[in-house]
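Colleague: Okay, here's the structure, questions in a sec.
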Amino acid sequence: MDEFSLINKYFDWDQGIGDDCALMSIDNGRQLATTVDTLIEGVHFPTETSAQDIAYKALAVNLSDLAAMGATPLYFTLALTLPSVDKKWLEGFSESLKALAKQYNISLVGGDTSKGSLSITINATGIVKKTQALLRSGAQVGDSVFVSNTLGDATLAWQQIQNQQTPSIALLKQFNRPEPRIKLAQRLLGVANSCIDISDGLKQDLSHILSRSKVGVSIDLEALPLSSEVAQYIANTQDWCVALAGGDDYELCFTVPNTHIDSVKSIAKDLDIKLTKIGVIVEKQGLEIKGLNKTCKSYQHF
Ligand SMILES: Nc1ncnc2c1ncn2[C@@H]1O[C@H](COP(=O)(O)OP(=O)(O)O)[C@@H](O)[C@H]1O
Ligand SMILES: [Mg+2]
């Protein structure tokens, strides 16, 4: 049984799970958006990863889920499981966590500390105006599908680490220090019809938008935005799966109706970020990738 069948079979008995954050109304005008993510040594980061990078990523991936909903970060809690007390490690971890928290104006309000194999769980909460949250269910036939920045860099870094190679600084940055797209998401409120963050690979995450919105997509392989290193890797290997199915990018994938396409251009310019149209939402359900002649397997925990 895969991860998503497991969730659907055993834990989907209550009000609508299935978005990047759960939404809870607090008054007539606003909703809280809350999310939780765990990082486990050896699964989500290699053992050699610095305390600073682990702390950054643990908070950044949660901020990324808030961004996917268009929520403004407010509070987070931290559940830390440590094999031992290493003061130098804890100092690095705490300094890095504090710096990122300050940058995104999110406060640490509680947590839990225990002994065991290294794992970090962060629960982050943000706020969004009622009916404004970016959901996975809003994509409409005719929408253009966009992604921010580039795809596949984090996965290429991870592959190189596993092959005992040293990734470039640029690739490592995308793997260890993905930038939460909070500012971009704020600008997408009222512009995008649907949104998700790419944590498990474009194909799998976009397919969540498709199933929740009951639509299909036609993607143009040649349109995928690639860094020069990933483009070079694909040119050498023809392995498009690194960009299509590679996880850990934490970029946003969102759909925009034609009436708002011009806004996307100005957002890209104002924020100095690359926003690339990679395809269109179509009526026929399923994910069509024009130009792909092999299947790519996305990341699954089980
Ligand atoms: N153990 C669980 N119990 C209840 N809901 C869960 C559980 N695990 C995942 N979910 C929900 O299932 C949906 C799919 O999760 P996923 O796509 O992995 O989210 P993300 O990648 O943004 O963390 C999300 O809405 C998430 O909140
Ligand atoms: Mg997500």
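Rule-based calculations on the coordinates, nothing more; no lab input. All values reported here derive from a predicted model rather than from experimental measurement. Note: ideal-geometry Cβ built from the backbone for every residue, glycine included; neighbour counts use all protein chains shown.
Colleague: What are the extents of the Cα atoms of the range 103-184 along their three principal axes, listed from largest to smallest and rounded to whole Å?
Modeller: 46, 39, 23
Colleague: Using Cβ counts within 10 Å as a stand-in for footprinting exposure, how do 277, 290 rank, fewest first?
Modeller: 290, 277
Colleague: What are the ³J(HN,Hα) values, in whole Hz, obtained from phi via the Karplus relation 6.51 cos²θ - 1.76 cosθ + 1.60 with θ = phi - 60°, for each residue of the range 26-43 in sequence order, with x given for Gly and Pro?
Modeller: Once θ is set to phi - 60°, the couplings for the range 26-43 become 10, 7, 5, x, 9, 10, 8, 10, 10, 8, 9, 9, 10, 10, 10, 4, x, 9 Hz.
Colleague: Using only the Cα atoms, work out Rg/Rh for the range 1-122, with Rh taken as the Kirkwood radius, to two decimals.
Modeller: 1.00
Colleague: Would you mind telling me which residue in 197, 14, 37 has the biggest mean-square fluctuation in a Gaussian network model of the chain, where springs connect alpha carbons within a distance under 10 angstrom?
Modeller: 14
Colleague: For each pair in 98/129; 9/284; 183/290; 214/269; 98/183, compute the distance between the two Cα atoms and list the pairs where it is over 23 Å.
Modeller: 98/129; 9/284; 183/290; 214/269
Colleague: Please give the direction-averaged projected area of the C-alpha convex hull for the range 144-290, in square nanometres with one decimal.
Modeller: 8.5 nm²
Colleague: If I build a Gaussian network model for the chain, linking alpha-carbon pairs within less than 10 angstrom, which residue out of 21, 253, 241 has the largest mean-square fluctuation?
Modeller: Comparing 21, 253, 241 in the GNM, the peak value goes to 241.
Colleague: Tell me the Kirkwood hydrodynamic radius of the range 73-115 in angstroms, computed as one over the mean inverse distance between distinct C-alpha pairs.
Modeller: The Cα-based Kirkwood calculation yields 11.2 Å.
Colleague: Also, quick follow-up: Assuming a viscosity of 0.890 mPa s and a temperature of 25 °C, what translational diffusion coefficient in µm² per second does Stokes-Einstein assign to the chain, Rh being the Kirkwood radius over Cα pairs?
Modeller: Here the translational diffusion coefficient equals 124 µm²/s.
Colleague: What translational D, rounded to a whole number of µm²/s, comes out for the range 72-218 from Stokes-Einstein when the hydrodynamic radius is the Kirkwood one over Cα pairs, at 4 °C and 1.567 mPa s?
Modeller: In µm²/s, the coefficient rounds to 71.
Colleague: Turning to a different aspect of this structure: Sort 175, 4 so that the residue with the fewest other Cβ atoms within 10 Å of its own Cβ comes first and the one with the most comes last.
Modeller: Fewest-to-most Cβ neighbours within 10 Å comes out as 4, 175.
Colleague: For the range 209-302, compute Rh as the Kirkwood radius over C-alpha pairs and then the Stokes-Einstein diffusion coefficient at 4 °C and 1.567 mPa s; write the answer in µm²/s, rounded to an integer.
Modeller: Translational D for this selection: 86 µm²/s.
Colleague: Give the relative contact order (percent, whole number) for the chain; include only Cα pairs under 8 Å separated by 6+ residues.
Modeller: Computed value for the chain: 24 percent relative contact order.
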